[in-house]
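What follows is a set of notes on a single structure, which appears directly below.
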Amino acid sequence: MSQTVGRAGGRFITFEGIDGAGKSSQISAAVALLQARGIDVVQSREPGGTPLGERLRELLLHEPMHLETEAMLMFAARREHLASRIVPALEAGRWVVCDRFSDATYAYQVGGRGLARGKFQALEVWVHPDVQPDLTLLFDLPPEAAAARIAASGADPDRFEREQRDFFVRVREAYLERARDAGGRICVIDADRPPETIRGEIEHLLQARFFA
Ligand code: TYD
């Protein structure tokens, strides 16, 4: 956790996991929980979160590109997001709840695509040397179960969702490896359970981490 950015009580919480892990509805539930405690919450997502970031998201999700271009565009969108939304919100004492952040770049671009770790680290240190989430909830489940959920949703798959099982096996492994190295910042949630059970666990985690 970074203390360099003046936080005035603001907290930064991120949600991660392979596509189809079911984090979207849990993010809304977590935001509602925090708001019920009177907390001023900014909800956002990556890639995206700003007008420029959302335009980059369109390209990233639909336009074929070199893996290093992909990694740099993820971090370009992130730079904008940090500068114009995340850091100002934290400095004003607001809480930021974000659907994905740099752990996703580690999992998808390093783990999934094979980007060199050193290049990821250079971009991470450049773009956010003094900001890391206070807490990251990693939704973990087997790629087969996630793929079944995506298929059942009936939505048009994007460039990432169209990847094969092997890709998601690597993404999942990279997420779990990052969780092991994160010194307690990343909590792994078994996402292969009923939504109400997961919701209860998240409520418990937030309580223990921030309100105990
Ligand atoms: P997400 O918003 O979770 O997708 P959806 O709205 O379809 O559920 O994420 C968009 C995709 O971008 C997802 O497949 C993961 C990918 N991604 C990366 O590859 N690297 C990154 O750094 C980020 C933030 C996302």
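The values are calculated or read from the model by the stated rules, or taken from the named source; none is laboratory data. Every value quoted in this text rests on a predicted model; they were computed, and no experiment measured them. Cβ sites come from the backbone with ideal geometry, for glycine too, and all protein chains shown count toward neighbours.
Things to note:
- Residues in segment 83-99 that are within 15 Å of the ligand (Cβ to nearest atom), part of a helix (DSSP H, G or I) and crowded, with 21+ Cβ neighbours inside 10 Å: ILE86 alone.
For every residue, the table says whether it meets (1) out of contact with any Gly (no Cβ under 6 Å at 6 or more places or on another chain); (2) of a type in the set (Lys, Arg); (3) more than 19 Å from ARG199 (Cα to Cα).
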| position | (1), (2), (3) |
| --- | --- |
| ALA29 | yes, no, no |
| ARG37 | yes, yes, no |
| GLU63 | yes, no, yes |
| VAL110 | yes, no, yes |
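- Among the residues of segment 122-144, not a single one is over 30 Å from ASP166 (Cα atoms), in contact with a helix residue (DSSP H, G or I) (Cβ under 6 Å, 6 or more places away or on another chain) and among the charged types (D, E, K, R).
- Residue within segment 114-135 that is modelled with pLDDT of 95 or more, more than 12 Å from the ligand (Cβ to nearest atom) and closer than 19 Å to SER25 by Cα present: yes
- If the condition is being assigned to a loop (DSSP other than H, G, I, E, B), among the hydrophobic types (A, V, I, L, M, F, W, C) and surrounded by fewer than 19 Cβ atoms within 10 Å (Cβ to Cβ), then segment 110-130 contributes only ALA116.
- Subset tally (residues that are surrounded by 12 or more Cβ atoms within 10 Å (Cβ to Cβ) and touching a residue at least 40 places away in the same chain (Cβ under 8 Å)) for segment 190-202: 6
- Cβ-Cβ under 8 Å pairs, at least 6 apart or on other chains, segment 60-71 side at pLDDT 95 or above, far side acidic (Asp, Glu) and within 13 Å of the ligand (Cβ to nearest atom): LEU60/GLU70; LEU61/ASP158; HIS62/ASP158
- Residue pairs whose Cβ atoms lie under 7 Å apart, separated by 6 or more positions or on different chains, with the first residue in segment 161-189 and away from the ligand (no atom under 15 Å from the Cβ) and the second part of a loop (DSSP other than H, G, I, E, B) and at pLDDT 95 or above, are ARG185/GLN132; ARG185/PRO133.
- When SER102, SER24 are checked against the criterion of being among the small types (Gly, Ala, Ser), more than 30 Å from GLY154 (Cβ to Cβ), touching a residue at least 24 places away in the same chain (Cβ under 8 Å) and within 15 Å of the ligand (Cβ to nearest atom), SER102 stands alone in meeting it.
- If you go through segment 158-183 and pick out every residue that is in contact with a strand residue (DSSP E or B) (Cβ under 9 Å, 6 or more places away or on another chain) and not in a helix (DSSP H, G or I), you end up with 1.
- Near pairs, Cβ below 6 angstrom, 6+ apart or cross-chain, from segment 120-134 (in contact (Cβ under 8 Å) with a residue 24 or more places away in the chain) to any residue that is part of a loop (DSSP other than H, G, I, E, B) and among the hydroxyl-bearing types (Ser, Thr, Tyr): ASP130/SER2; ASP130/THR4; VAL131/SER2; GLN132/SER2
- ALA107 closer than 17 Å to LYS23 by Cβ, more than 14 Å from the ligand (Cβ to nearest atom) and touching a residue at least 12 places away in the same chain (Cβ under 8 Å): no
- Segment 27-58: number of residues that are assigned to a loop (DSSP other than H, G, I, E, B) and over 14 Å from the mean Cα position of the chain (by Cα): 5
- Breaking point among (1) assigned to a helix (DSSP H, G or I); (2) surrounded by fewer than 22 Cβ atoms within 10 Å (Cβ to Cβ), for ALA107: (2)
- Residues (surrounded by 13 or more Cβ atoms within 10 Å (Cβ to Cβ) and on the phi > 0 side of the Ramachandran plot) located in segment 15-66: GLY17, GLY20, GLY22, GLY48, GLY49
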